[in-house]
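Visitor: I'd like to ask some things about the structure below.
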Amino acid sequence: MNREARNSSRRIIIPNRQPDSSSRRAQIPERTLHITQRFDPALLPLPPLLVPPKTLPTLDKVTIQPEIVIIEPKQLALLLPAHNEELIIEATIRSAIAAGQAIENIYVVDDNSSDETRTIAVRLLGENNVLSVERSGKALAVKKAIDTFAIEERYIWLHVADADSIFSQDYFRHYCAKLDPTKYAVAVGFVQSLRGNWISTYRALSYTYSQQVTRRVQSRMGMISVFPGPITCFRTDIISELEFGGTSLTEDFDITLQVHRKKLGKILFIPKAVNYTQDPQTLSDFCKQNMRWQRGFYQGVKKYKIGLRGQLIDISLGFQMLQTVLFLLQLFVLIPYILITTHNWLIIPVMIAADIIVNGVIALFSSAAAKRWNLIGALPYFYFLRWLEIGIYIIAFVEVMILQRFQTESVGWSTAGRRYKISDQALLDIVK
């Protein structure tokens, strides 16, 4: 029987007994259907005055069928891996409840936080839905929580979201309406930046265009090039085939490539399920986050030999890398060559004007799609941040692919500089 068929008919049959309260792990009793046992008729307790021994029927065996309980797996569990999230985790949990997720199906794994993250989570969800682990890193902490809460046995889908997420009002209602375990192995929503400073505005512009265009095309192809941390949902029967203890700096990208390389199933894009996330508030933190992303990207490219196989993920990521190479060749080789051979310096202002017009159209489209007209205001510093990202992209390529750096294990993730208390202004997009 294939994985989809197993999943669509899956159910758990267990005896009606109490779990061991001394264990922290969610108890899933062993499956026992019936017990067959032999008895000596002479040992049966019979009232002598009512039933004479000579009238007792001869019995070879008695079959005892204890009461059983049939538990159908619930549809979706939400798991929030957290490390020092005291400024935002309460807002995240409350937004999940408001977005349609039942509180008993929300879990938090606290990865050795040094602040009040666990205390807040326990106050909102209770002790049974919060797990604290030693410093493990995001991916391994998630795996420990999956085992402890018995997510694979109790749910059909697992949604993993960053603890700085703010879910749109109907997020889980949109999600659950689209999930089909017979068709898809993974689903992703739409990630958007919370309103903030100039960096958040730039990120919102980039996120909107890339998802409205690139991700929709990828979804038509049945694949997604990266499963973003705040918006990804896995069918639970594929979890056992994923490795969570890897060495990647970007565990989300590593898991993405595993799903594609192991051909675990199609990926669904749900654009109406919007999750808002926090961005770095300083240029230094912006650069650090981008450097980690790009180093992790090239770790995945190298580990899974992206571009050397014929899967759709190879074509998509190969095209993405080729675009960057062609852009740099055009800028630093082709244009200088044309200028030198033609001495027509008017090419420079014409190309600059054309590029500004194209990016202006993109900004206008993104503002209309996101219903945030302030995104047009990102144009004055758009070029500065874009070139900064290109520079980081090149540095990461040299470090990982040429100098062979960042090949050793990395444990833990840092949220310093990327967490702040949510303001009313930042929530304007969620409540409208």
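The values are calculated or read from the model by the stated rules, or taken from the named source; none is laboratory data. Since we're looking at a predicted model, the values are computed, not measured. Backbone-built Cβ (ideal geometry, glycine too); neighbour counts: all protein chains shown.
Visitor: Is the stretch 330-347 home to any residue that is under 22 Å from residue 218 (Cα atoms) and either in the same structural domain as residue 201 (by TED's automatic domain parsing) or part of a helix (DSSP H, G or I) (or both)? Explain how you work it out, then say what you get.
Guide: The first filter runs over the stretch 330-347 and keeps only residues under 22 Å from residue 218 (Cα atoms), leaving none.
No.
Visitor: Quick check on the stretch 368-390: of everything there that is surrounded by 13 or more Cβ atoms within 10 Å (Cβ to Cβ) and free of Cβ contacts under 8 Å to residues at least 60 places away in the same chain, which residue is nearest to residue 211 (Cα to Cα)?
Guide: 368
Visitor: Hey, another quick one. Across the stretch 221-242, which residue is farthest from the chain's Cα centre (by Cα) among those that are in a loop (DSSP other than H, G, I, E, B) and under 23 Å from residue 106 (Cα atoms)? If you could, list the steps in order and put the result at the bottom.
Guide: We begin by selecting, within the stretch 221-242, every residue in a loop (DSSP other than H, G, I, E, B); these are 221-231, 242.
From what is left, the residues that are under 23 Å from residue 106 (Cα atoms) are 227-231, 242.
Details: 227: 6, 228: 5, 229: 4, 230: 5, 231: 5, 242: 13 Å.
Among those residues, the one meeting the criterion is 242.
Visitor: Test residue 283 against the stated conditions and say whether it is in contact (Cβ under 8 Å) with a residue 60 or more places away in the chain, surrounded by fewer than 17 Cβ atoms within 10 Å (Cβ to Cβ) and of a type outside the set (Phe, Trp, Tyr).
Guide: On the way: in contact (Cβ under 8 Å) with a residue 60 or more places away in the chain: yes; surrounded by fewer than 17 Cβ atoms within 10 Å (Cβ to Cβ): yes; of a type outside the set (Phe, Trp, Tyr): yes.
Answer is yes for this residue.
Visitor: Could you check how many residues of the stretch 167-185 are under 24 Å from residue 258 (Cα atoms) and part of a loop (DSSP other than H, G, I, E, B)?
Guide: Quick first cut of the stretch 167-185, residues under 24 Å from residue 258 (Cα atoms) only: 175, 178-185.
Then keep just the ones that are part of a loop (DSSP other than H, G, I, E, B); that gives 179-183.
Of the residues in that region, 5 qualify.
Yes/no matrix, rows are residues, columns are (1) at pLDDT 95 or above; (2) crowded, with 24+ Cβ neighbours inside 10 Å; (3) under 26 Å from residue 289 (Cα atoms):
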| site | (1), (2), (3) |
| --- | --- |
| 148 | yes, no, no |
| 154 | yes, no, no |
| 163 | no, yes, yes |
| 170 | no, no, no |
| 212 | no, no, yes |
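Visitor: Out of 192, 218, 212, I need the residue that is assigned to a strand (DSSP E or B), touching a residue at least 12 places away in the same chain (Cβ under 8 Å) and of a type in the set (S, T, N, Q). Which one? If you could, list the steps in order and put the result at the bottom.
Guide: Values: 218 fails: assigned to a strand (DSSP E or B); 212 fails: assigned to a strand (DSSP E or B).
Unique residue meeting the criteria: 192.
Visitor: While we're here: Among residues belonging to the stretch 140-166 that are among the hydrophobic types (A, V, I, L, M, F, W, C), assigned to a helix (DSSP H, G or I) and under 14 Å from the mean Cα position of the chain (by Cα), point out the one that is nearest to residue 74 (Cα to Cα).
Guide: Initially, the stretch 140-166 is screened for residues among the hydrophobic types (A, V, I, L, M, F, W, C), giving 140-142, 145-146, 149-151, 156-158, 160-161, 163, 166.
Subset that is assigned to a helix (DSSP H, G or I): 140-142, 145-146, 151.
Now restrict to residues that are under 14 Å from the mean Cα position of the chain (by Cα): 140-142, 146.
Details: 140: 24, 141: 22, 142: 19, 146: 15 Å.
Looking at residues that are among the hydrophobic types (A, V, I, L, M, F, W, C), assigned to a helix (DSSP H, G or I) and under 14 Å from the mean Cα position of the chain (by Cα), I get 146.
Visitor: Can we say residue 354 is part of a helix (DSSP H, G or I), in contact with a Phe, Trp or Tyr (Cβ under 8 Å, 6 or more places away or on another chain) and aliphatic (A, V, I, L, M)? Can you show your working first?
Guide: Details: part of a helix (DSSP H, G or I): yes; in contact with a Phe, Trp or Tyr (Cβ under 8 Å, 6 or more places away or on another chain): no; aliphatic (A, V, I, L, M): yes.
No.
Visitor: A further question follows. Run residue 109 past the list (1) touching a Lys or Arg at 6+ places or on another chain (Cβ under 7 Å); (2) at pLDDT below 95; (3) of a type outside the set (Asp, Glu); (4) not in a loop (DSSP other than H, G, I, E, B) and report the number of the one that doesn't hold.
Guide: All conditions are met except number (2).
Visitor: Can you name the number of the only condition in (1) outside the structural domain of residue 100 (by TED's automatic domain parsing); (2) modelled with pLDDT of 95 or more; (3) hydrophobic (A, V, I, L, M, F, W, C) that residue 259 fails?
Guide: It fails just one condition, (1).
Visitor: Hey, can you tell me all the residues within the stretch 85-101 that are of a type outside the set (D, E, K, R) and within 19 Å of the chain's Cα centre (by Cα)? Break it down stepwise before answering.
Guide: To start, the set of residues in the stretch 85-101 that are of a type outside the set (D, E, K, R) comprises 87-89, 91-93, 95-101.
Of everything in the stretch 85-101, those that are of a type outside the set (D, E, K, R) and within 19 Å of the chain's Cα centre (by Cα) turn out to be 88, 89, 91, 92, 93, 95, 96, 97, 99, 100, 101.
Visitor: When you scan the stretch 157-191, how many residues do you find that are in contact with an Asp or Glu (Cβ under 7 Å, 6 or more places away or on another chain) and not β-branched (Val, Ile, Thr)? Break it down stepwise before answering.
Guide: Let us first name the residues in the stretch 157-191 that are in contact with an Asp or Glu (Cβ under 7 Å, 6 or more places away or on another chain), namely 163-164, 181-182.
Add one more test, that the residue is not β-branched (Val, Ile, Thr), and what stays is 163-164, 181.
So the answer is 3.
Visitor: Separate question: Among the candidates 251, 241, single out the residue that is buried (at least 16 other Cβ atoms within 10 Å of the Cβ) and either acidic (Asp, Glu) or free of Cβ contacts under 8 Å to residues at least 40 places away in the same chain (or both).
Guide: After applying the criteria, what remains is 251.
Visitor: State yes or no: is residue 322 free of Cβ contacts under 8 Å to residues at least 60 places away in the same chain, of a type in the set (A, V, I, L, M), surrounded by 13 or more Cβ atoms within 10 Å (Cβ to Cβ) and outside the structural domain of residue 217 (by TED's automatic domain parsing)?
Guide: Values: free of Cβ contacts under 8 Å to residues at least 60 places away in the same chain: yes; of a type in the set (A, V, I, L, M): yes; surrounded by 13 or more Cβ atoms within 10 Å (Cβ to Cβ): no; outside the structural domain of residue 217 (by TED's automatic domain parsing): yes.
No: the conditions fail for residue 322.
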